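Step one of this worksheet: look at the structure below.
What follows draws every value from the coordinates through simple rules; no lab data is involved. Nothing here was measured: the structure is a model prediction, and the numbers come from that model. All Cβ positions, even for glycine, are placed from backbone atoms using ideal geometry, and neighbour counts span all protein chains on display.
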Amino acid sequence: MTDPSNAHRGTRLFTIVAASVIIIWGVNLAQSILAVLLVSVFLAGIGTVPVLWMERKGIPSVAAVLIVVAALVALLLSIGVVVGASLSDFSEALPLYKTRIHNTLLEFKIFLRGKGFILTDKMLLGYINPGVVMDLTGGLFTALGSVVSNTIVILFTVTFILLEASSFPAKLRLVRGDPKAALPEFTGFVHDIEHYVVVKTLINLAAGVLTAIWLFILGVDFPILWGFLAFLLHFIPSLGSIISAVPAVLLALVQLGGGAAAFTAAGYLVIGTVLGNVIEPRIMGRKFGMSTLVVFLSLLFWGNLLGVVGALLSVPLTMSLKLACESSEDTRWISVLLGPEISPERVSRVSKVRRRQL
């Protein structure tokens, strides 16, 4: 006979899997709406910190929200004007750069033929054509532009989220029936999310500014555009800095030659290594680390589910899940699996502590 408990567990597992598939399918269908919502929540996460700070200083909640939203509007308009102009110039020059890349490939083909290596045009232009990278870069900014076109909706959503931010803990206490409840799990989770979003954004901003300055010094075209791209893609640890470097290095190669391309790549390497592997871990701490495999899989999952916005916010979304699991004893094992590699020495220390507790 079948054990009833095993049958119950099997039914529960099947129900969870079926519900997950339905939810993922629904999320994919609502991709455009959820992309706008995610951008709004992300911006609200950044704006919550100054709003709560102003409220603690005695500024009324509505006034604090209006100040933050006004600053956000000014910032978005400035970025739109500067980056938009650079993007327009890049789009006009894109056919010229693709022609230069094509000619560079043909010269490379002749060079290889002289060394005894024969490449057909299909192999050269169909499989290793770097001109596709430029098209993908233009497509990335076009997809982002479709989200930015909903700026009014995003700003209204951010405004309402900020207005609700200070009163939400009181609502949770009311739901629990205890107006004086401390809510340590919720408070800790929200604090961790705010800390991660704000610090990560500032580090990415530093990466974007340093990248733009370095490319400007080298004389690479559109340094502001590549700095903005570096700012966006640095939300993806390790992989983001590599992806953002590819179009800039290709442009430096066809515009200024191999030496400039090498210096461009070196600049990206130094900036990514120092900020991503030295400064960020010291500021964030190990709690905010993630496995490289998880970063890659989350990029694939959220990118396919929510498009470009999902890819850019893949790590913040997965980090939110990790921190949510960290706040509960029942799900902490999920947080450990999503976290970075653990050394054998740390495993040994944790095991000894647990044995002493038992």
### Message
Return the pair list, or none, for Cβ contacts closer than 7 Å from residues in region 295-309 that are more than 20 Å from Val36 (Cβ to Cβ) and in contact (Cβ under 8 Å) with a residue 24 or more places away in the chain to residues that are hydrophobic (A, V, I, L, M, F, W, C) and buried (at least 20 other Cβ atoms within 10 Å of the Cβ), at least 6 apart or on different chains.
### Response
Val295/Ile236; Val295/Val315; Leu299/Ile236; Leu299/Ala311
### Query
Would it be correct to say that Leu105 is out of contact with any Gly (no Cβ under 6 Å at 6 or more places or on another chain) and closer than 23 Å to Phe42 by Cβ?
no
### Task
From Ala74, Ala63, Ala35, grab the single residue that is without any contact (Cβ under 8 Å) to a residue 24 or more places away in the chain and closer than 24 Å to Leu312 by Cβ.
Ala74
### Query
Taking the condition over 20 Å from Leu305 (Cβ atoms) and without any contact (Cβ under 8 Å) to a residue 12 or more places away in the chain, does Trp25 pass?
no
### Query
Of the residues that make up region 52-66, is at least one under 30 Å from Pro223 (Cβ atoms) and surrounded by 11 or more Cβ atoms within 10 Å (Cβ to Cβ)?
no
### Message
I need the full set of residues from region 201-250 which are touching a residue at least 24 places away in the same chain (Cβ under 8 Å) and among the β-branched types (Val, Ile, Thr), in order please.
### Response
Thr201, Ile203, Thr211, Val220, Ile224, Ile236, Ile242, Val246
### Query
Counting only residues that are of a type outside the set (A, V, I, L, M, F, W, C) and either free of Cβ contacts under 8 Å to residues at least 24 places away in the same chain or not in a helix (DSSP H, G or I) (or both), how many does region 77-98 have?
5
### Message
Could you check region 204-216 and list, in sequence order, the residues that are crowded, with 20+ Cβ neighbours inside 10 Å and over 18 Å from the mean Cα position of the chain (by Cα)?
### Response
Ala212, Trp214, Leu215
### Query
Restricting the search to region 32-73, which residues are over 22 Å from Tyr196 (Cβ atoms) and of a type in the set (Ser, Thr, Tyr)?
Ser32, Ser61
